[in-house]
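Worksheet for the structure shown next.
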Amino acid sequence: MPDSRPTPRVKICGITNLDDAMAAVEAGADALGFVFYEKSPRYVSVQEAKAIVTQLPPFVERVGLFVNKTPMEVDLACAESGMSLAQIHFDVDESYLHALHTKALPVVRARAPEDVMTFEGRYRLVDAFCESYGGAGKRLNLEWFEGIDCSRIVLAGGLTPENVSEALAYGFYGVDVSSGVERARGKKDPARIRAFIEAVKGSACGR
């Protein structure tokens, strides 16, 4: 019997240049992530992100990743850079999310199985806890997702072309990869991007 679950969306995060952005789009990525966290090796400025975004084709989600910024700062950066979604990659509550004018994707940095239910009912990204706020290649235990509805969860943390297929059975809304498709920090490997997306979406992607 064919699998009736929708194909997970794919986000390629940590985009720092137009070549990597276009490689991801051409391979079939649904979303591109831009890191506005100054301490990240994948950091881009608002102006740098805007220069990339203005050259993208239509229908590609542009996601800005933010750490320790106020709602006003997030909204302003998203408006100036052309982001369509704000990924809030630090601990916030519902009042913070409601204060945003930009559509938000809260991030749960999970330390324990019960953490994956934080923001239950919302679309959310679940990543392994890391002091450096992501991109460290640390994997989550997939057993934490046994028996729960993952249809509003984007899974991140240590995913690669070689292991992402293990996650597909859980019915995640999407998967997010950064370091797993890099040749060096901040520089993507087009072949690994294609392999990752093909592993998620099948060999029809990128034709």
Considering only the stretch 178-200, state which residues are assigned to a helix (DSSP H, G or I) and either buried (at least 24 other Cβ atoms within 10 Å of the Cβ) or of a type outside the set (D, E, K, R) (or both). SER179, GLY180, VAL181, PRO190, ALA191, ILE193, ALA195, PHE196, ILE197, ALA199, VAL200
Which pairs do you get when a residue that is within 28 Å of VAL92 (Cβ to Cβ), found in the stretch 52-69, comes within reach of a residue that is basic (Lys, Arg) and modelled with pLDDT of 95 or more, reach meaning Cβ atoms under 7 angstrom, with the pair 6+ apart or on two chains? VAL53/ARG62; VAL63/LYS11
Residue in the stretch 125-135 that is surrounded by fewer than 19 Cβ atoms within 10 Å (Cβ to Cβ), within 22 Å of VAL175 (Cβ to Cβ) and in contact with a helix residue (DSSP H, G or I) (Cβ under 9 Å, 6 or more places away or on another chain) present: yes
What is the number of the single condition among (1) modelled with pLDDT of 95 or more; (2) crowded, with 18+ Cβ neighbours inside 10 Å; (3) of a type in the set (Gly, Ala, Ser); (4) touching a Lys or Arg at 6+ places or on another chain (Cβ under 7 Å) that SER84 does not meet? (2)
Could you please let me know if ARG109 is part of a strand (DSSP E or B), modelled with pLDDT under 95 and surrounded by 16 or more Cβ atoms within 10 Å (Cβ to Cβ)? yes
Restrict the check to the stretch 91-114 and report whether at least one residue is closer than 23 Å to GLY157 by Cα and of a type in the set (Phe, Trp, Tyr). no
Out of the residues in the stretch 29-42 that are out of contact with any Asp or Glu (no Cβ under 8 Å at 6 or more places or on another chain) and crowded, with 17+ Cβ neighbours inside 10 Å, which is farthest from LEU100 (Cα to Cα)? ALA29
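The values are calculated or read from the model by the stated rules, or taken from the named source; none is laboratory data. Owing to the predicted nature of the structure, the values given are computational and were not obtained by experimental measurement. Because the Cβ atoms are built from the backbone with ideal geometry, glycine has one as well, and the counts that use them run over all protein chains shown.
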